[in-house]
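Working notes, beginning with the structure itself.
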Amino acid sequence: MAEPKLRVLMVSDFFFPNFGGVENHIYYLSQCLLNLGHKVVVMTHAYGNRTGVRYMTGGLKVYYVPWRPFAMQNTFPTVYGTLPIVRTILKRERITVVHGHQAFSTLCHEALMHARTMGYRVVFTDHSLYGFADVGSIHMNKVLQFTLADIDQAICVSHTSKENTVLRSGLAPGKVFMIPNAVDTAMFKPADVRPSSDDVITIVVISRLVYRKGADLLVEVIPEVCRLYPNVRFVVGGDGPKHVRLEEMREKHSLQDRVEMLGAVPHSRVRSVLVTGHIFLNSSLTEAFCIAILEAASCGLLTVSTRVGGVLPDDMVVLAEPDPDDMVRAIEKAISILPSINPEEMHNRMKKLYSWQDVAKRTEIVYDRALKCSNRNLLERLSRFLSCGAWAGKVFCMVMIIDYLLWRLLQFLQPDDDVEEAPDINFCN
């Protein structure tokens, strides 16, 4: 068996069997890196009774470490509790690059901290946008500043996300790469027979029904569009705290026969819901990179979206301000140009524009850049943390010094040579 080019450890609290944009990103990127000849291992927390080591398609090895989610699928922050198991995995798999995903993943932050203490090259991908004013964002931005103070390279999924991350963390822009998400065009393809838009126009919404995703906008937009266009119906997929408001809106305006509420939609059924529609509506207030838009466009749907860093060419999307009146005008425009949309042509363009193979090749370049970074000693690293703030900098230095001493203690109790290396298993594709 040929020696892998690189040995990459992907770390995040968010992975299968949970579904979402981060989970899909890690999975598809890992599969493409495996095809390029690298070894990829994923580390995440336990999901239900799913603990230990599992193998997925293509020989993707997943460590479900015995940590239970504490809140919002995040593990409880222990700071040093994950050090022994992170060290064991890094040694067993002979990892060369550690790649953490998502700013509010506790496991990601802790693994990157331990990896840098042990001298590994680390890369971080930020998938979300955050504010600067509320208490939660201020706290998260400080944690991110701590993690990225000693990072080798960072990746953001859009230019908007890059600007946001640089401002929040104080990271040098030259260290941050923009690599967009992609879509599995083999899974998301148009229906064999496109539903006719002559009699009924179907507008599809698939989103978590929360404030950030603009669920409150939908409450105002849907009744107005139904009033203006008697032949328009809505299909709403997703669940969340704003589900009740949409149900109340449907009852208030007597739209039970024109607004279908599907509840939570498994990812395996998303395509079957999308191909029933003509227009996809995205009402997000903030979005680093909306994969749902790509999936809808790949299925041949014209997209109406708020201006949250649009990711599609201008002729495939109608943009609107996050305002009910402007969104209604955008939907009116989309309905007028609907006859000119060719789903197959749109699908073929998406194949060329957003490819996971291209994402993997660009990520390879980031890994190469990270490996060329000089390895700094502890004192050089501490100077970076001191610049994080008058008080926070000193606290961060203490955290890193303790982490370093615990690592040395683990090396004394169990030398590196005593950690058994895991054999590389060649899975036939």
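Projecting the Cα atoms of 112, 205, 223 onto the charge dipole of the chain (Cβ charges, centred on the Cα centre) puts 112 farthest toward the positive pole.
Straight-line cross-link reach from residue 142 at under 18 Å between alpha-carbon atoms covers these lysines, not counting any fewer than eight positions away in the same chain: 162, 394. Tell me, what HN-Hα J-couplings in whole Hz come from the Karplus equation 6.51 cos²θ - 1.76 cosθ + 1.60 at θ = phi - 60° for each residue of region 92-101, using x for Gly and Pro? These are the phi-based 3J(HN,Hα) values: 4, 8, 6, 5, 10, 9, 9, 10, x, 10 Hz. Note on residue 36/residue 137: beta-carbon distance plugged into 1/(1 + (r/R0)^6) with R0 of 30 Å gives a FRET efficiency of 0.25. The distance separating the Cα centre of region 409-427 from that of region 3-45 comes to 21 Å. What angle, in degrees between 0 and 90 and rounded to the nearest 10, separates the Cα long axis of helix 159-169 from the longest principal axis of the Cα atoms of the chain? Once rounded, one gets 40 degrees.
Quick one: which of 270-279, 220-229 comes out on top by average Cβ neighbours within 10 Å, and what's the full order, highest first? Could you put the intermediate results ahead of the total?
Details: 270-279: 19.9, 220-229: 18.0.
Descending packing order for the listed peptides: 270-279, 220-229.
Whole-Hz Karplus values for region 372-377 come out as 7, 5, 5, 8, 8, 7 Hz, taken residue by residue from phi with 6.51 cos²θ - 1.76 cosθ + 1.60 and θ = phi - 60°; glycine and proline positions read x.
If R0 is taken as 60 Å, the Cβ-Cβ distance between residue 362 and residue 254 corresponds to a FRET efficiency of 0.75.
Every Cα-Cα pair of the chain was included, and the share exceeding 37 Å stands at 29 percent.
Note on surface exposure: 213, 361, 91 rank 361, 91, 213 by accessible area, highest first, 1.4 Å probe. Accessible surface calculations at 1.4 Å, restricted to protein heavy atoms, place the chain at 44 Å² per residue. Computed from point charges on the beta carbon alone (+1 for Lys and Arg, -1 for Asp and Glu), the dipole magnitude for region 251-408 about its Cα centre is near 1020 Debye. When DSSP beta bridges are restricted to pairs lying wholly in the chain, around 15% turn out antiparallel. Between residue 192 and residue 76, the distance separating the two model label sites (each 7 Å from Cα on the Cα→Cβ line) works out to 5.4 nm. Could you give the distance between the Cα centres of region 280-332 and region 223-245, to the whole Å? Region 280-332 and region 223-245 have Cα centres spaced 16 Å from each other.
Please report the carbon-and-sulfur percent of the accessible area for the chain; probe 1.4 Å, protein heavy atoms only, DNA, RNA and ligands left out.
Details: 10720 of 18920 Å².
The value for the chain is 57 percent carbon and sulfur by accessible area.
Using square roots of five times the C-alpha gyration tensor eigenvalues, list the equivalent-ellipsoid semi-axes of region 201-353 in whole Å, biggest first. Before the final figure, lay out each step's value.
Numbers: eigenvalues 99, 54, 47 Å².
Output for region 201-353: semi-axes of 22, 16, 15 Å.
Would you calculate a helix-derived [θ] at 222 nm for the chain, using -39,500 (n - 2.57) for each DSSP H run of n ≥ 4 and dividing by the full residue count, to the nearest 500? Provide the component values of the computation, followed by the final result.
Details: 14 runs with 175 residues, N = 429.
Using -39500 (n - 2.57) per qualifying helix, the result is -13000 deg cm²/dmol.
Straight Cα distances below 24 angstrom link residue 91 to the lysines 5, 39, 61, 372, with same-chain residues fewer than 8 positions distant left out. Rounded to the nearest 10 degrees, the inclination of helix 392-413 to the longest alpha-carbon principal axis of the chain is 60 degrees. Along region 276-288 the Karplus relation, 6.51 cos²θ - 1.76 cosθ + 1.60 evaluated at θ = phi - 60°, assigns HN-Hα couplings of 7, x, 10, 10, 10, 10, 10, 10, 4, 7, 9, 7, 6 Hz to successive residues, with x for each Gly and Pro.
Based on the Stokes-Einstein relation at 25 °C and a viscosity of 0.890 mPa s, and on the Kirkwood radius from alpha carbon pairs, region 54-195 is assigned a translational diffusion coefficient of 145 µm²/s. Close amide H contacts of residue 11 (hydrogens built in the peptide plane, cut-off under 5 Å, sequence separation of 5 or more or a different chain): 43, 99, 100, 101.
Among the lysines, which have Cα under 17 Å from the Cα of residue 252 when same-chain residues fewer than 8 positions away are ignored? Excluding near neighbours in sequence, the set is 242.
Taking the centroid of alpha carbons for each part, region 184-213 and region 359-395 are 42 Å apart. Going by amide H atoms built from the backbone, whose H comes under 5 Å of the H on residue 128, apart from near neighbours? When sequence neighbours closer than 5 places are left aside, the close amide H contacts are 103.
What is the packing order of peptides 7-14, 178-185, taking the mean over residues of other C-beta atoms within 10 Å and listing the highest first? Please list the in-between numbers first.
Working: 7-14: 25.0, 178-185: 20.5.
Order by mean packing, descending: 7-14, 178-185.
Taking all protein chains together, 418, 403 sort by accessible area into 418, 403, largest first [probe 1.4 Å].
The values are calculated or read from the model by the stated rules, or taken from the named source; none is laboratory data. Here the structure is a predicted model, which is why all the values come from computation and not from measurement. We place every Cβ from the backbone using ideal geometry, glycine too, and count neighbours over all the protein chains shown. Calculation scope for accessible area: heavy atoms of the full protein, side chains included, ligands and nucleic acids excluded. Shrake-Rupley method; radii C 1.70, N 1.55, O 1.52, S 1.80 Å.
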